[in-house]
Amino acid sequence: MKDRETPLRLVRLWAKLAPDAFATLDMLASTKDQIGWPDYCPLPIGAAFTYLVERQGTTLEEAAVGAAELTACWTWRKNKVIYRFDNDLANVLNEQAKDMGELDILPTELLTHLPYPCIYVQTHIFDGLDGFWAWIEYDVNEQHLEFRIQWVNMEKTHSLPYSLHLLPGKTLQECILDTFTFAAKHSGAEIIPQAAQKDDAAPILPALQLVLYLLSQNAEVDEVVPMTIKKEKDRYQIIHDKAGEVRELSVGVRIGAAIRKYNRAVETTGRKVQKPGTTKRPHSRRGHWHHYWTGTQGNRKLILKWTAPTFIHMDAKSEDDVVIFPVD
């Protein structure tokens, strides 16, 4: 993977602007046992905020903007994992984001089990944006959780922060409505439940869908170039922030190919004049989520699965339905 295809430029920019930033955040992270925050939160953003204000002399307004980006860079550079989504799969999942109703069955707990403390998802579903960092934030003072998204521009020179309140025991739909109601209250604007389905929610909802896919049991994720397994003695090796340290994973290669095949069938059939009694034009049923619990009482595990789209009338000579079945 080439260096310019990674968010390392932004990581190194922070290292240049604040040379002691990463070492200071390492030290603050070591105070976890004294301060206390959940294991699935790598480091509260408040730590980076305090560093920027007290050590860098940053204004409160600038620190409020920069702290999340600095936290994402500090956390991600420790594992440097990039999930590169197939464009067609990403677009299908983006379409699912328009149907917020299905999120009413998915519990908040799902998002507290990310594969790494901070992941980078590369997807070009928005013009001018290369992808986003995703991680779980914990506000030590308010004692509440957030799902944090940091969209990175194509040049990897800056990022845009978004967050989703995570309410214990609630569904993701309830979290979305709570987040937008809170934002509207502090901005003085009016909001209705349907507003969370409109363009204002565009940056967070597709990102949520892509992360949910990675959390699903049947996600199609493949190693692009196998990484060398480091020995235990190399565990604390020096981080150089080079492209060679980046682990690249491709997401949805086979599913994306099936989606493209369907799209070509639709395009080809669309050019033909449909006569009464002829084969129907290919169409699809949107993919969706479902989940269930496994295990015994006291040792239960939540399983998420993505039901892929069903493609119907793919073959003009037959009336077969085609379903994508991801294979592990």
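What the table shows:
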read-out	value
Subset of segment 244-287 that is of a type in the set (S, T, N, Q) and not in a helix (DSSP H, G or I) - its residue that is modelled with the highest pLDDT	SER250
Residue within segment 192-207 that is at pLDDT below 50 and crowded, with 19+ Cβ neighbours inside 10 Å present	yes
Residues being free of Cβ contacts under 8 Å to residues at least 60 places away in the same chain and under 23 Å from the mean Cα position of the chain (by Cα) - total across segment 30-46	2
Residues of segment 178-191 that turn out to be touching a helix residue (DSSP H, G or I) at 6+ places or on another chain (Cβ under 6 Å) and either at pLDDT 90 or above or open to solvent by 80 Å² or more (accessible area, probe 1.4 Å) (or both), as a count	0
Filter pass, TYR120 being of a type outside the set (D, E, K, R) and closer than 18 Å to ALA68 by Cα	yes
Residue, modelled with the lowest pLDDT, within segment 292-328, restricted to residues that are in a loop (DSSP other than H, G, I, E, B) and in contact with a strand residue (DSSP E or B) (Cβ under 6 Å, 6 or more places away or on another chain)	MET314
Pairs with Cβ under 7 Å, 6+ apart, first in segment 174-190 and over 16 Å from LEU208 (Cβ atoms), second modelled with pLDDT under 85 and in a helix (DSSP H, G or I)	GLU190/ALA184
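The values are calculated or read from the model by the stated rules, or taken from the named source; none is laboratory data. Values in this document were obtained by computation on a predicted structure and should not be read as measured data. Please note: Cβ atoms are built from the backbone with ideal geometry, for glycine as well, and neighbour counts cover all protein chains shown. Surface accessibility is based on the protein's heavy atoms, side chains included, excluding ligands, DNA and RNA. Shrake-Rupley method; radii C 1.70, N 1.55, O 1.52, S 1.80 Å.
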